[in-house]
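Asks: Sharing a structure with you now.
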Amino acid sequence: TAVLSGIETSASRACTADNLGWVNVSVNDANNNNDLDAGDSMSISFSNCAISNTERINGSMSILVNSISDSYYSAVDFSMNLNNFSVVSGNTTSFATGDMRLSMQEYATYTNYSIGINSLASSATVSGVTKSFSMSGFSMALKDALTANDEQTYSGTLAMSHFNNQSVGISTTSPWLISNGASYPYTGQMLLTGQSGSKIRITAISSSNVKLELDAAGDGVYEETKVLTWASMP
């Protein structure tokens, strides 16, 4: 049914498994053309929504289309927000809250992908044991080539429960280059910086081996060096 331009339409319904919980979906077709355009948005909220006898969803997510092009070479840019979004499946609970922006642009010989995150926190609890992960000021770019080298870059701040939730800054000082079809980069360098300023420098030697250097004092002097295979990296 046609609606006025920019008017948001919504619908609620009980979830499928035993009609337990509910889901609400709202869609805003910004220019009322029944097509996906820049400015269109959608939000979905769940309240104890049962999708099976052992799976429940809570929280909400929203998506905003920033730009989209469906010409010969496609391009899309959209933003997503998760608000206390959680999925319970058996003895596992997954949780996420925060934002991200994703884009894709096709060209004749390669495709560019990017992810930008202002702040995102996630966790997984399995049989009462929780592991958490957070990202802030994070960006990732991937150039996926059809026949040449793939290229990856990263930057931002991470914190993981594995490392007592201490913040670690990451940056690719030289892009990772990966031969088409290979699993690991053959060149490139990344720097990891801890809260106290200590650093680990990771340098690709080849698509098989990688060099790790430790600057424990954060003074630019790397006291320890170790060469490993990519496959044995922790």
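Asks: Where is the GNM fluctuation largest for the chain (alpha-carbon springs, 10 angstrom cutoff): ASN24, ASN180, ASN33?
Replies: Result for the chain, Cα springs under 10 Å: ASN33 fluctuates most.
Asks: Between SER132 and ASP35, what is the FRET efficiency for a Förster distance of 41 Å, r being their Cβ-Cβ separation, to the nearest 0.05?
Replies: With a Förster radius of 41 Å, E is 0.55.
Asks: Putting +1 on Lys and Arg Cβ atoms and -1 on Asp and Glu Cβ atoms, find which of ASN149, ASN58, ASN180 reaches farthest to the positive end of the dipole of the chain.
Replies: Farthest towards the positive pole: ASN58.
Asks: Give, rounded to the nearest 20 debye, the magnitude of the charge dipole that segment 1-140 has about its Cα centre when Lys and Arg contribute +1 at Cβ and Asp and Glu contribute -1 at Cβ.
Replies: I would put it at about 600 debye.
Asks: Of the accessible area of the chain, with the probe set at 1.4 angstrom, what percent is carbon plus sulfur?
Replies: Carbon and sulfur: 53 percent of the exposed surface of the chain.
Asks: What are the aspartates and glutamates whose alpha-carbon lies under 12 Å from the alpha-carbon of LYS131, with same-chain residues fewer than 8 places away excluded?
Replies: Output for LYS131: empty list, no partners.
Asks: Something else: When all alpha-carbon pairs of segment 36-109 are counted, what percent fall beyond 17 Å? Don't skip to the answer; put the middle values down first.
Replies: Numbers: 1514 of 2701 pairs.
Tail of P(r) above 17 Å: 56 percent of Cα pairs.
Asks: What length, rounded to one decimal in nm, is gained on full extension from TYR222 through to MET80, with 0.36 nm per residue of separation minus their alpha-carbon distance?
Replies: So the chain would gain 47.1 nm between TYR222 and MET80.
Asks: Something else about it: Using the Kirkwood radius over C-alpha pairs as Rh, can you work out the diffusion coefficient of segment 19-76 via Stokes-Einstein at 10 °C, viscosity 1.306 mPa s, in µm² per second?
Replies: Approximately 119 µm²/s, per Stokes-Einstein.
Asks: Return the aspartates and glutamates within reach of LYS226: Cα separation strictly under 19 angstrom, same-chain partners fewer than 8 residues apart disregarded; answer none if there are no such residues.
Replies: Partners found: GLU213, ASP215.
Asks: Okay, moving on. How long is the chain along each principal axis, judged by its Cα atoms, biggest number first, in Å?
Replies: 67, 49, 30
Asks: While we're here: Leaving out ligands and nucleic acids, note down the accessible area per residue over the chain with a 1.4 angstrom probe, in whole Å².
Replies: 57
Asks: Calculate the dipole size of segment 117-234 relative to its Cα centre from +1 charges on Lys and Arg beta carbons and -1 charges on Asp and Glu beta carbons; express the result in debye to the nearest 20.
Replies: Around 200 debye, computed over segment 117-234.
Asks: Report the Stokes-Einstein translational diffusion coefficient (µm² s⁻¹, integer) for segment 113-169, Rh taken as the Kirkwood radius over Cα pairs, at 20 °C with viscosity 1.002 mPa s. Write out the running numbers ahead of the final one.
Replies: On the way: Rh = 13.0 Å.
Taking Rh from Cα pairs, D becomes 165 µm²/s.
Asks: Under the definition of Cα pairs under 8 Å and six or more residues apart, what whole-number percent is the relative contact order of segment 131-234?
Replies: Values: 246 pairs, mean separation 16.9, N = 104.
Result for segment 131-234 is 16 percent.
The values are calculated or read from the model by the stated rules, or taken from the named source; none is laboratory data. Just so it is clear, the model here is predicted, and its values are computed rather than measured. Don't worry about glycine lacking a Cβ; one is built from the backbone with ideal geometry, like all the others, and counts go over all protein chains shown. Areas reflect the complete protein model, heavy atoms only, side chains present, ligands, DNA and RNA absent. Shrake-Rupley method; radii C 1.70, N 1.55, O 1.52, S 1.80 Å.
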